[in-house]
Structure formats: C-alpha cells, structure tokens
Amino acid sequence: MIRSRDLPEEGERFRELHELLSSYAFAGNTFTDSAEEPGPALHAYVRQALRTPGSLDRAIAEIDDLLGTGLFSDEIADDVDVLPHVEPPAGRTVEECLAVIRSHLQRIRNGGTYQHSPLPQTDWEWRRRFPELRHLLAAQFHQDFSRFYGSHREALDDYFSANPADAVAEAAREIESLLAMVETDGELDRVTEVLGLQVYPPDSVSLRQWLTDIRDIITHR
C-alpha cells in the first residue's frame, strides 16, 4: 500500500528509511534491486542522500535496527505502520529485500560505484532535490487556488507570511537551480507539475518567466 504522506515526520524511529522507501513508492512500489545491481529507486535515493552527509549511515543503521528488532515485532509496530509499504517480488520477503539494499548502501558508502546523473530521474528524486520549491508550489498554487486567492501575488504574499525567511530564501535558490538545470519549456512544465504546480502562470507570462519573477521578488524583498 502506498501512503499519501511521502515525507517523514520529526521523531520517527525510521526517518531515513522512510525517505528511502518513499523512493520505491514513487517508482512502482516494488523492490527491484538484485544482489548484483541496485534498481532505479535505490539509485535515485543514493544520488540525493549523498547530498546530505550522514544519510547513508543513518539508513544503514535504521535497517539494522528494524531487522534486528524484527519487522513484525510489537515493539516497532507503530513505527513500521507509518512507513511506505513496498512490495517484494515473488519468492522474496521484505526482510531479504532490505538486506540487499543494506549491502548496496554499505558498498557505496565505502566508495563503491553507483549510477550518476546530472538530472533527477524519478518524480521522488525531483521532489527530494527541490523540497522548498515543492512546498511553495504545492501549498499555494494547487487545484483549489481560485477558492483562496484572487491573484498569484496574493498567494505568494500568503506564502511569505506563513514561512520563515530562510525557507523563502531557499525557495529562491532552488528556483535558480531548477531553471539552470531544465533547459526546455516542455520539461519545465512536466517537472513543475511533479513539484505540485496545478495552475497556469499569470496571463501572458511564460512559466519560465513567472518563476524568474518569483525568484526576483524573493531576492529583493
């Protein structure tokens, strides 16, 4: 079962494992790794986890914790229940799949190779790469936008008032990074939809220009 909440919450016992399993939930919801080669979801997780020092160590430690305690132990039943429930392939158990994942993470942590890519390759990876921009777009420019706001600027002002300055500044940095990374307008349309955008830009303004305008507004606030 894929759970709608793909972001872990503070205080979760398996917070980093939640992130890892979310990558699988957004890529078919099935473990696809072999003992010899990580699958696309694990490659996506590794690329993003390596951007944050210590993430691989935490994922390995949490897999050890879960397997050592027991997947079906009453002690961690509530902690396991909030994790994305990813299906193992026929003939394998979840525990076996997690053990395979652990072996790949251990190898990569120790300098082993993994699949590099200049661009995110899955929807989960785009969301993990641009978390604050995702928050801005999904929280303000969603399908019910017109019920709450009379204009795009009103929605943007609401975002400013509801979020700390450092988060707003990070959104501007992520916009700049995204625009440099995504070269075609068609791909920009697709990626911003993945990030939560469900409304058109203001009349007569292209998506790229609108995002540039938002970045400039934030920068000069």
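The values are calculated or read from the model by the stated rules, or taken from the named source; none is laboratory data. From a predicted model like this one, the values you see are computed outputs, not experimental measurements. Reconstructed Cβ throughout: ideal geometry from the backbone, glycine too, with neighbour counts over all protein chains shown. When the accessible area is computed, the model is the full protein with side chains, heavy atoms only, and any ligands, DNA or RNA have been set aside. Shrake-Rupley method; radii C 1.70, N 1.55, O 1.52, S 1.80 Å.
Quote the FRET efficiency, to the nearest 0.05, computed for residue 169 versus residue 116 with a Förster distance R0 of 30 Å and r equal to the Cβ-Cβ distance.
Efficiency at R0 = 30 Å is approximately 0.60.
Counting only heavy atoms of the protein chains, get the accessible area per residue of the chain (1.4 Å probe) and round it to a whole Å² value.
For the chain, the per-residue accessible area is 51 Å².
In nanometres, what is the gap between the two model label sites at residue 154 and residue 37, each 7 Å from Cα along Cα-to-Cβ?
Using points 7 Å along Cα→Cβ, the separation is 5.3 nm.
When the chain is fully extended, how far beyond the present Cα-Cα distance does residue 29 get from residue 64, taking 0.36 nm per residue of separation?
10.4 nm
Pick out which of 160, 26, 14 has the largest mean-square fluctuation in a Gaussian network model of the chain, springs linking Cα atoms closer than 10 Å.
160
Dipole size in debye (nearest 20) for the chain around its Cα centre, Lys and Arg Cβ +1, Asp and Glu Cβ -1?
My answer is approximately 500 debye.
What is the calculated FRET efficiency for residue 10 to residue 212, with r their C-beta to C-beta distance and R₀ = 35 Å, to the nearest 0.05?
0.55
Rank-order 131-143, 107-119 by packing density, defined as the average count of other C-beta atoms within 10 Å over each peptide's residues, highest first.
Order by mean packing, descending: 131-143, 107-119.
Using a/c under 1.5 as the rounded threshold, could you call the chain rounded, prolate or oblate? The axes a ≥ b ≥ c are square roots of the C-alpha gyration tensor eigenvalues, and prolate needs a/b larger than b/c, oblate otherwise.
It comes out prolate by the Cα gyration axes.
Take the alpha carbon gyration tensor of the range 125-213, find the square roots of its eigenvalues, order them as a ≥ b ≥ c, and report rounded if a/c is under 1.5; if not, report prolate when a/b exceeds b/c, else oblate.
oblate
Mind listing the Cα extents of the range 165-221 along all three principal axes, in Å, largest one first?
Here the Cα extents, ordered largest to smallest, are 30, 24, 19 Å.
Taking the full set of protein chains and a 1.4 angstrom probe, give the accessible area of residue 23 in square angstrom, rounded to the nearest 10.
0
Around residue 113, with a cut-off of 11 angstrom between Cβ atoms, what is the net charge of the other residues, counting Lys and Arg +1 and Asp and Glu -1?
Details: positive: 107; negative: 37.
Value of the local net charge: 0.
Treating the beta-carbon of each Lys and Arg as +1 and of each Asp and Glu as -1, no other charges, what is the dipole magnitude of the range 86-154 about its Cα centre, to the nearest 20 debye? Present the calculation step by step, with values, prior to reporting the outcome.
Details: 10 positive and 8 negative charges, 52 e Å.
Using only the charged Cβ atoms, the result is roughly 240 debye.
Looking at the range 1-102, which trypsin sites (Lys or Arg not before Pro) are DSSP coil and have at most 13 other C-beta atoms within 10 Å of their C-beta? Spell out each step's value before the answer.
Working: sites: 3, 5, 13, 15, 47, 51, 58, 92, 102; in loops: 3, 5, 13, 51, 92.
Passing both the DSSP loop test and the Cβ count: 5, 51, 92.
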